[in-house]
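Asker: Pasting in a structure now, in structure tokens, and then I'll have a few things to ask.
The values are calculated or read from the model by the stated rules, or taken from the named source; none is laboratory data. Predicted, not measured: the structure shown is a model, and the values here were computed from it. Cβ atoms come from the backbone with ideal geometry, glycine included; neighbour counts cover every protein chain shown. What goes into the accessible areas is simple: the full protein's heavy atoms, side chains included, and nothing from ligands, DNA or RNA. Shrake-Rupley method; radii C 1.70, N 1.55, O 1.52, S 1.80 Å.
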Amino acid sequence: MKYFKPLLCIALMLFALLPAHAAEEKKEGIDLQGILFGHIQDSYEWHVTDIGGKPVIIHLPVIVKSSTGWHVFCSSQFEHHADAQGNRPGPYGLYISGSEANKDKIVENIGGQEVRPIDISMTKTVMVLFIDAILLLLCVLIPARWCKKHKIDDPAPTGFTGFMHMFIMYVYHDIIESILGKEAPKYAPYLLTCFFFIFVANVMGVMPFPPGGGNLTGNIACTLFLAFCTFVVTNVTGTKEYWKEIFWPDVPTWLKAPVPLMPFIELFGIFTKPLALMIRLFANMMAGHAIAISLTCLIFVMYGIHAAAGVAMVPVSVAMSIFMMLLEVLVCFIQAMVFTMLSAVFISLAHVHEHEAKSA
């Protein structure tokens, strides 16, 4: 509550300074869906903010192979405003489509049909991925450099290095080692990488300004890859007893043959585990961003109904947004911890031995 009044005053001042034409536009209506999905979805440019009615945009490199060959250019060469068909024309016969099938994707028109070229552009999500990877390397290499220069009986580090030591040891001892036991050192590098990559990506996504603001873990392609990595590590390193319990479990024979009911269920479970990891992380992070943006948009929605209603909604929306952002910071840590913990559990279940299976 110490900082609530200053923040509320700032919000009221900003609302009062809205230009008249902007207020008229809000009365006509606000594109909530466009604002929401504009933040969550990937794009070929990084929209930072609007100043004086003009957008501040970081244009990103476009790398595509169309029917006329490879092309490398800046996304600023696409028109900022869409044409009558909802497309944004660009160079080399390419354009950003406004159709439902290829919404906001680079396409070219061949024989009256929209065709997507080979696209390896540096989109917003890709740039955020590189930024998060660099931050993760710094978080790892700085403490590693200290450890390399000091002996084990030296005084404990302080500052950022000391914080990272404490953080790493907490994740290792309380999450990884408590689940995997003696096998913890073998899988700790992968699980620690998962934890800190997800945590850094989550925190950077909460930041409302570059280099933050990118909803990386709210992109299902990112969570799919992370879940796929856990799937590979779990099943490639699984023991013989683990696979035996899948294809020939210790149940009555009529449940295994001639209809392989239990083997089918067990085999299906191999794929549902990483699927649960993917959906849980994606849904939680995307929902958090969506709720935070929706709470802010409530001001303009109510202002579209009546000016007094919009002014009255400002303190409510600001208070709810602050609470939601603080909760989102907590969720950043929780989701990283849950993904790491479940990955460790799945790996542990794949390392069951014969005597453990019989005793169970």
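Asker: Name the residues of segment 222-253 whose amide N is less than 20 Å from a point 7 angstrom out from the Cα of residue 261 along the C-beta direction?
Answerer: Counting only backbone N, you get 245-253.
Asker: Continuing with this model, one more query. What's the FRET efficiency of residue 309 with residue 150 using the Cβ-Cβ distance as r and R₀ = 56 Å, to the nearest 0.05?
Answerer: 0.35
Asker: Between helix 159-171 and the chain, what is the angle of the helix's C-alpha long axis to the longest principal axis, kept within 0 to 90° and rounded to the nearest 10?
Answerer: The helix 159-171 is inclined about 50 degrees to the chain.
Asker: Give 124/186; 103/124; 124/273 a once-over and call out the pairs whose C-alpha atoms are over 23 Å from each other. All intermediate terms of the calculation are to be shown ahead of the outcome.
Answerer: Numbers: 124/186 35 Å; 103/124 16 Å; 124/273 29 Å.
From 124/186; 103/124; 124/273, over 23 Å: 124/186; 124/273.
Asker: Here is a further query. If you find the alpha carbon centre of segment 39-118 and of segment 155-172, how far apart are they in angstrom?
Answerer: That distance is 45 Å.
Asker: Also, quick follow-up: Just reorder 88, 116, 280, 145 by solvent-accessible area, largest first, 1.4 Å probe, all chains present. Walk me through the intermediate numbers first.
Answerer: Details: 88 40, 116 125, 280 95, 145 155 Å².
Ranked list, largest accessible area first: 145, 116, 280, 88.
Asker: What label, among (1) 22, 46, 28, 4; (2) 30, 57, 13, 0; (3) 30, 54, 15, 0, belongs to P(r) over Cα pairs in 20 Å bins from 0, in percent computed from the structure on display?
Answerer: Step by step, P(r) over Cα pairs in 20 Å bins from 0, in percent for this structure corresponds to label (1).
Asker: In nanometres, what is the gap between the two model label sites at residue 113 and residue 316, each 7 Å from Cα along Cα-to-Cβ?
Answerer: Between residue 113 and residue 316, the simple spin-label model gives 5.2 nm.
Asker: At a 1.4 Å probe radius, carbon and sulfur cover how many percent of the accessible area of the chain? Can you show the working numbers first?
Answerer: Numbers: 14600 of 20900 Å².
Answer for the chain: carbon and sulfur cover 70 percent of the accessible area.
Asker: What is the sum of charges around residue 46, taking Lys and Arg as +1, Asp and Glu as -1, for the other residues whose C-beta is under 15 Å from the C-beta of residue 46? Walk me through the numbers before you get to the answer.
Answerer: Details: positive: 124; negative: 42, 45, 50, 104, 132.
Value of the local net charge: -4.
Asker: Something else now. Which value, in Å², gives the accessible area per residue of the chain when a 1.4 Å probe is used on the protein heavy atoms?
Answerer: Values: 20900 Å² over 360 residues.
Accessible area per residue: 58 Å².
Asker: Could you work out how far the C-alpha centroid of segment 276-306 sits from that of segment 128-142, in angstrom?
Answerer: Answer, in whole Å: 27.
Asker: Also, I was wondering about something else. Let me know the charge dipole size of segment 197-349 about its Cα centre in debye, to the nearest 20, where only the beta-carbon of Lys, Arg (+1) and Asp, Glu (-1) is charged.
Answerer: Details: 5 positive and 5 negative charges, 21 e Å.
Dipole about the Cα centre, nearest 20: 100 debye.
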